[in-house]
Amino acid sequence: MYAKVYLLACASDKVDALMAHYDSVITPAIRASVYHVGHQMIQMDDDKWVLVSNYKSKEAAEAATSMVQELVNPMIDKFGMSLDLYTEGDVVRSI
């Protein structure tokens, strides 16, 4: 398994709209993805999260790049969102 860890933030007045969009658009897309194994969002502040995307392999993560960009790019302006890659690598333990 391979993981990418992102730092995600959005405009504080758009959090509810972002979460509604996330639940209605992003979640189904990730569930339908042949590349993803899982996806976790950890709240750090009212408008900041750590996002962990788990993939079947590094190759699957690379293959998912265009899908992820298609999903994320419209959200940047719409929600004042930023999504910055923090780190990535092989998952060495999964319990």
Query raised in the report: If you look for lysine pairs in the chain that are eight or more places apart or on different chains, how many of them have Cα atoms under 28 Å apart?
Result: 10
Query raised in the report: By how many degrees, 0 to 90 and rounded to 10, does the Cα axis of helix 65-79 deviate from the longest principal axis of the chain?
Result: 10 degrees
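All of the numbers you see were taken from the coordinates with simple rules; none came from a lab. Here the structure is a predicted model, which means the values were calculated and not measured.
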